[in-house]
Amino acid sequence: MRFVDFIEQKKQGGTHNRGDLEGFVASYITGELPDYQVAAWLMAVCFQGMGASETADLTRAMAHSGDVLDLSRLPYTIDKHSTGGVGDKTSLVLAPLLAACGATVAKMSGRGLGDTGGTVDKLESIPDFQAELSEKAFYAQAERVGRVVTGQTKDLAPADGLLYALRDATATVGSLPLIAASIMSKKLAGGAQTIVLDVKVGGGAFMRTPDEARALAGTMLDIGARAGKEVRAILSGMFEPLGWAVGNALEVTEAVRCLQGRGPDDLLSLCLTLAGTGLRAAELSASRETLEGALASSHAYEKLEAWIAAQGGDARALGRLETAPGHHLLRAERESLVASLDALALGQAVMVLGGGRAQKGDAVDPGVGLVLYAKVGDPVRAGDPLLTLYHRGKGLEDAHRLVGGAVVTSKARTEPPPLVLERL
Ligand code: URA
């Protein structure tokens, strides 16, 4: 089919067949199709949408546009994807926790963009940690250690890299089938048999309402089922940051504390839910006692140390990572209760301090960030600390303005926002 007819078909609300979608993806990655035609098609998809089978066919074609990892030799492979949230360090806790319960976690992870951080950036705050592994080293570590996380190579679902950049430049990111195909193409190419999706809902997330998040999760579950994968999804709240810490090194330290049984309740609770969901889907034992036992016995923490050491990182530095020397404290003005913590604004504050990327390729400062001392619903007295900004001077004024507007206190009691909204 001529590509102009392919665009016309979608413009009229038609349904593409698998062969045409495969032809489109193949021609786009070889540079045969110009961006202006693909941009027109993306816009047609934004207005007309895509049906379930054509979304799955597009995803499959994108997943097979580059390398597809073969993890079939490894036992109980589980991958987890979060749609991104502020203070979300669950992958750092989950990988060792799942491994302590018999699973293999071998995944490629993205770097952060904007106000949400990426797992690879967090791991790189550990001295000497090697986040870029060759394919050979990746497989070898997966087999030997059972845990490995590496930066996403350009050979994994390259069609997604190209399409995402074009969507970003043509206001076509916000289309549900395109988002679902983008995320799931990378998960299918990642090769795990079980995939747990943590779809965030709220002001600090991509999906602002439960309805939007449920629709995205439903489409991703359908894509996974058609590809023969065990996929589970939970909708979790991103109405305030997850845990107390936001910023790469501070988040690693918090994840370490969580694995040592000293983590914040919300982070621990979400990790236990995600771990239980993944283990059950992989048909491994997933009782609360199993998971809590792995934490209490230090088994999960030892798995973290072994993983970090296997990737060249200094595991002894885990509890004492370097943070920025400047400390700026925000205090409560009066006796009150915390009514809301704007996750988006708090994430932006860390970004302007240098802890996040405005553009792909920007360097990030691992030591800057913030630590909260009170969460929504907590009482505070006049003068009590609300949060500390860790900074090096750069961006402090903007960060101060952002956090000042992000923390709202009130005389009236506000219930803490829900953490796990739904399991799908
Ligand atoms: N995350 C992705 O990987 N792709 C999207 O399209 C949106 C969020």
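Only the coordinates and a few stated rules stand behind these numbers; no lab work does. Treat the numbers as computed from the prediction; the structure is a model and nothing was measured. Cβ sites come from the backbone with ideal geometry, for glycine too, and all protein chains shown count toward neighbours.
One decimal place: the segment ALA137-GLU289 gains 51.3 nm when fully extended, by the rule 0.36 nm per residue minus the C-alpha distance. Computed over all pairs of different Cα atoms, the Kirkwood value for the hydrodynamic radius of region 3-49 is 10.7 Å. With N residues in region 201-333, what two-decimal value do you get for its Cα radius of gyration over 2.2 N^0.38 Å? So region 201-333 has a normalised radius of gyration of 1.26. Close amide H pairs (under 5 Å, H built 1.01 Å from N) link LYS200 with THR83, GLY84, SER236, residues at least 5 positions away or on another chain.
Taking all Cα pairs closer than 8 Å and separated by 6 or more residues, the relative contact order of region 108-175 comes to 28 percent. Where Rh is the Kirkwood radius over the Cα pairs of region 78-317, the temperature 25 °C and the viscosity 0.890 mPa s, what D in µm²/s does Stokes-Einstein return? For the chosen part, D equals 137 µm²/s.
Computed from the C-beta positions of ASP265 and ARG2, the FRET efficiency with R₀ = 56 Å rounds to 0.45. Binning all Cα-Cα separations of region 90-165 at 10 Å, short to long from zero, yields these whole-percent fractions: 17, 47, 31, 5. Taking one quarter of the surface of the convex hull spanned by the alpha-carbon atoms of region 4-150 gives a direction-averaged projected area of 11.3 nm². Shown here for region 118-188: trypsin sites (Lys or Arg not before Pro) in loop regions (DSSP other than H, G, I, E, B) with at most 14 other Cβ atoms within 10 Å, namely LYS154. The magnitude of the dipole of the chain, with charges of +1 and -1 set on the Cβ of Lys/Arg and Asp/Glu and taken from the Cα centre, is near 400 debye. Add -39500 (n - 2.57) for each DSSP H run of 4 or more in the chain, then divide by its residues: what number comes out at 222 nm, to the nearest 500 deg cm²/dmol? Rounded to the nearest 500, the figure is -13500 deg cm²/dmol. Largest first, the extents of the alpha carbon coordinates of region 379-424 on the three principal axes equal 43, 33, 15 Å.
The alpha carbon centroids of region 169-188 and region 51-78 are separated by 14 Å. Which is farthest toward the positive dipole end of region 326-410 among HIS391, VAL338, VAL364, measuring Cα position about the Cα centre, with Cβ charges +1 (Lys, Arg) and -1 (Asp, Glu)? Of the listed residues, the answer is VAL364.
Farthest toward the positive end of the dipole of region 78-317, out of SER269, LEU156, THR290, is the Cα of LEU156, where the dipole comes from beta carbon charges about the Cα centre. Measuring between alpha carbons in the structure, the pairs from LYS154/LYS360; LYS89/LYS136; LYS122/LYS360; LYS154/LYS186; LYS187/LYS229 lying more than 18 angstrom apart are LYS89/LYS136. Using a cutoff of 8 angstrom between alpha carbon atoms and counting only pairs six or more residues apart, the relative contact order for region 326-410 works out to 50 percent.
Per the Debye calculation on the chain with a single equal scatterer at every Cα and no solvent contribution, log₁₀ I(q)/I(0) for q = 0.07, 0.08, 0.10 Å⁻¹ amounts to -0.34, -0.44, -0.69. Altogether, the Stokes-Einstein calculation at 10 °C and 1.306 mPa s, with the Kirkwood radius of region 120-196 over Cα pairs as Rh, returns a diffusion coefficient of 110 µm²/s. Restriction of the GluC sites (Glu not before Pro) in region 92-196 to DSSP coil positions whose beta-carbon has at most 16 other beta-carbons within 10 angstrom yields GLU132. Derived scalar couplings between HN and Hα for region 69-78 equal 5, 9, 9, 5, 6, 8, x, 6, 7, 10 Hz in order, rounded to whole Hz, by the Karplus curve 6.51 cos²θ - 1.76 cosθ + 1.60 (θ = phi - 60°), x for Gly and Pro.
Extension gain, ASP398 to ALA363, is 10.7 nm, computed as 0.36 nm per intervening residue step minus the present C-alpha separation.
The Cα atoms of region 300-424 cover 51, 40, 29 Å along the three principal axes, with the biggest extent listed first. Computing FRET efficiency as 1/(1 + (r/R0)^6) for SER53 and VAL420, where r is the C-beta to C-beta distance and R0 is 41 Å, gives about 0.85.
Using the Cβ-Cβ distance between THR153 and ARG334 with R0 set to 51 Å, the FRET efficiency works out to roughly 0.45. Note: relative contact order over the chain, using C-alpha pairs below 8 Å and six or more positions apart, is 20 percent.
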